[in-house]
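The values are calculated or read from the model by the stated rules, or taken from the named source; none is laboratory data. The model shown is predicted, which means the values in this text are computed figures rather than measured ones. Please note: Cβ atoms are built from the backbone with ideal geometry, for glycine as well, and neighbour counts cover all protein chains shown. Ligands, DNA and RNA are excluded from the accessible area calculation, which covers all protein heavy atoms including side chains. Shrake-Rupley method; radii C 1.70, N 1.55, O 1.52, S 1.80 Å.
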Amino acid sequence: MIFFAVLWLPHICSTIAQDLTVPPLWRVAYLVFIHEKPSSNRTRQDRITLAEAVGHSLSYSEATGQVNGLFHTQSTNWHCALALYDWITGGDEFEQIVRSHIPTVFALHAKTSSNFTNDPINLGLAAYYAYRAYNDTSFLDMAKNLSNQALANFITPENAASGNHPTKNVTFASECSGASTAGGVFYVINVQTDTHVSGASAGLAAHLFDATRDTQYSDAAELTAAFMTNHMYNGGIISDIFDPRDCSFTPAVITDNSGFYIEGLSVLANSTANSTWMNNLKTVISTTIKASWTDSSGIVNEGLGSMTSENSNVWPLKGLFIRGLYEAWSRFSPDSDVAKLIQSYLLVQFNAILDFAKSPDGDIYSPNWHDSPATKLLPWGQLAAIDVLNSAINLPILSESTSPSTIGSVSPESTSTDKNSNSGNGNGNSSNSNTPTIVGAVVGSIGGILLLLLITALKSE
């Protein structure tokens with residue numbers, strides 16, 4: 001499928017101020033309550049051990065390749081995480097599991113009819129991650145096949161101009177708010193009257209362009225990124241669903257679409273060296289990290305109020321957001337403000353799940369990252385945690401002799417040889433936390449400590 005080259009780029013993000021500072025309360029909360037820390041002195045090997053233990057914690061159906069206890073899409077995201085672990089570490093710990101199960105899922109997918117475009121997109125990402133981790137072109141071919149399936153529901157510039165699409169029997173708007181509807185990907189496949197568009201498609205096309213340099217993928221990725229920027233980004237987050245039939249969007253506050261967008265845009269901005277995409281990426285990172293799903297101490301609060309003992313599609317979504325941020329972090333200069341902000345945010349989540357979600361008796365995690373340790377193995381809790389644990393592996397290590405203000409150098413233990421040559425390698429960049437340093441004498445009461453910390457935080461703003 002070939003699209004017109006993209007000549008117009010959105011500038012909506014250029015009107016939104018970028019705030020790439022690390023909120024000082026993340027540090028204050030750490031020193032007072034000993035939790036949400038934007039740094040870690042755990043060694044790289046410690047972090048690998050934590051992630052690896054979770055990766056080995058679930059079982060599979062050999063007949064279907066699915067993970068026992070997870071929904072279909074959740075299971076695909078689990079396989080994504082295993083391949084990403086091997087890419088990040090440069091190893092092959094989960095290669096046999098991935099090689100066994102992703103082709104099985106792909107073969108079964110080819111025999112059935114998907115209801116949603118997210119199915120081939122997510123499986124395509126899993127196949128691409130496997131290609132990137134193991135340098136096996138059979139996985140790349142699989143990812144291309146799945147991308148083409150999803151792109152059958154893509155709104156081309158010609159479709160947008162006519163307001164018609166071969167998979168739909170209703171018309172839709174050519175433009176909304178003065179911007180073309182080209183680039184949207186219909187979410188529901190088998191309902192001809194459903195014109196809802198989701199935000200999951202930009203990442204796969206961008207990755208495939210990065211791997212192949214085939215411009216059909218860059219054209220698709222740029223059109224989709226423009227569509228999402230103009231129609232799904234509300235100045236804070238990427239909305240859940242957009243309908244080009246009446247130019248409306250669903251204002252649900254969930255993290256996954258923002259994660260997909262950040263991942264796709266980070267790959268696209270780097271592979272095309274386009275400054276507009278890079279500016280948009282920084283803006284969206286700055287607003288989504290500080291969106292309402294992040295509490296004042298820096299922890300993602302998505303899913304609070306849901307029963308942790310019951311599987312829900314909401315629990316693993318924040319892992320997809322973390323995954324997108326890590327992909328972006330791995331491609332930024334380590335000394336840039338945006339890399340420091342992402343690094344601090346990822347380490348806040350890392351320390352939060354260890355302090356509040358992890359069982360004291362083993363490597364099992366609650367999907368609730370706010371003071372709710374797991375008491376039994378919950379596959380959806382493991383899925384929510386594994387992307388956080390993966391993302392922490394190559395982040396800088398704060399030694400006990402290093403003050404918070406000097407975070408930035410990476411110890412020799414934090415580096416590894418990556419066997420892959422693809423851009424944005426899993427070892428990523430190292431960067432330092434841009435958080436305020438608290439200086440002062442030891443105060444003899446809790447009230448004195450709180451007052452000192454509050455004053456310091458206010459001075460740093």
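General remarks:
- Test: residue in the stretch 75-93 that is in a loop (DSSP other than H, G, I, E, B), at pLDDT 95 or above and either within 21 Å of the chain's Cα centre (by Cα) or within 22 Å of Arg331 (Cα to Cα) (or both): yes
- Residue check for Lys290: over 21 Å from Ala385 (Cα atoms), out of contact with any Phe, Trp or Tyr (no Cβ under 7 Å at 6 or more places or on another chain), of a type in the set (D, E, K, R) and surrounded by 15 or more Cβ atoms within 10 Å (Cβ to Cβ): no
- Of all residues in the stretch 279-296, those that are of a type in the set (Lys, Arg) have Cβ atoms under 6 Å from Cβ atoms of residues that are part of a helix (DSSP H, G or I) and crowded, with 21+ Cβ neighbours inside 10 Å, 6 or more apart or on another chain, in Lys282/Val338.
- Count of residues meeting criterion [in contact (Cβ under 8 Å) with a residue 24 or more places away in the chain and farther than 20 Å from Asn190 by Cα] in the stretch 161-178: 3
- Scan of the stretch 343-374 for residues that are open to solvent by 30 Å² or more (accessible area, probe 1.4 Å) and hydrophobic (A, V, I, L, M, F, W, C), ordered by number: Phe356, Ile364
- Scanning the stretch 266-282 for residues that are in a helix (DSSP H, G or I) and surrounded by fewer than 24 Cβ atoms within 10 Å (Cβ to Cβ) yields Ala269, Asn270, Ser271, Thr272, Ser275, Thr276, Met278, Asn279, Lys282.
- Residues in the stretch 257-278 that are over 17 Å from the mean Cα position of the chain (by Cα) and in contact (Cβ under 8 Å) with a residue 12 or more places away in the chain: Ser271, Thr272, Asn274, Thr276, Trp277.
- For first residues located in the stretch 300-325 and within 17 Å of Asp240 (Cβ to Cβ), partners that are of a type in the set (D, E, K, R) and assigned to a loop (DSSP other than H, G, I, E, B) and lie 6+ apart or on another chain with Cβ distances below 7 Å form the pairs Val314/Glu302; Leu317/Glu302; Lys318/Glu302.
- In the stretch 311-328, the residues that are surrounded by 22 or more Cβ atoms within 10 Å (Cβ to Cβ) and part of a loop (DSSP other than H, G, I, E, B): Trp315, Pro316
- Filtering the stretch 105-126 for residues that are in contact (Cβ under 8 Å) with a residue 24 or more places away in the chain, open to solvent by 10 Å² or more (accessible area, probe 1.4 Å) and touching a Lys or Arg at 6+ places or on another chain (Cβ under 6 Å) leaves an empty set.
- Failed item, numbered, when Phe186 is tested on (1) open to solvent by 10 Å² or more (accessible area, probe 1.4 Å); (2) closer than 16 Å to Ser114 by Cα; (3) touching a residue at least 40 places away in the same chain (Cβ under 8 Å): (1)
- Neighbours by Cβ (under 7 Å, 6+ apart or cross-chain): first from the stretch 231-244, at positive phi; second at pLDDT 95 or above and open to solvent by 10 Å² or more (accessible area, probe 1.4 Å): Gly235/Thr287
- Test for Ser59: is it open to solvent by less than 50 Å² (accessible area, probe 1.4 Å), among the polar types (S, T, N, Q) and at pLDDT 95 or above: no
- Of all the numbered requirements in (1) open to solvent by less than 60 Å² (accessible area, probe 1.4 Å); (2) at pLDDT below 95; (3) among the charged types (D, E, K, R), Asp136 misses one, and that requirement is (2).
- Apart from one condition, Gly69 fits all of (1) at pLDDT 95 or above; (2) open to solvent by 40 Å² or more (accessible area, probe 1.4 Å); (3) part of a helix (DSSP H, G or I); (4) of a type outside the set (Phe, Trp, Tyr); the exception is (3).
- Residue satisfying all of: in the stretch 375-399; open to solvent by less than 10 Å² (accessible area, probe 1.4 Å) and not in a helix (DSSP H, G or I); modelled with the lowest pLDDT among these: Pro396
- Within the stretch 329-366, the set of residues being more than 30 Å from Thr283 (Cα to Cα), free of Cβ contacts under 8 Å to residues at least 60 places away in the same chain and part of a helix (DSSP H, G or I) comprises Ala357 only.
- Flag for Gly303 being surrounded by 20 or more Cβ atoms within 10 Å (Cβ to Cβ), modelled with pLDDT under 95 and assigned to a loop (DSSP other than H, G, I, E, B): yes
- Among the residues examined, Ser198 does not qualify as open to solvent by 20 Å² or more (accessible area, probe 1.4 Å) and of a type outside the set (A, V, I, L, M, F, W, C).
- Helices (runs of 4 or more DSSP H) (entirely within the stretch 133-220) containing at least 2 residues that are more than 30 Å from Gly90 (Cα to Cα): 137-151, 157-162
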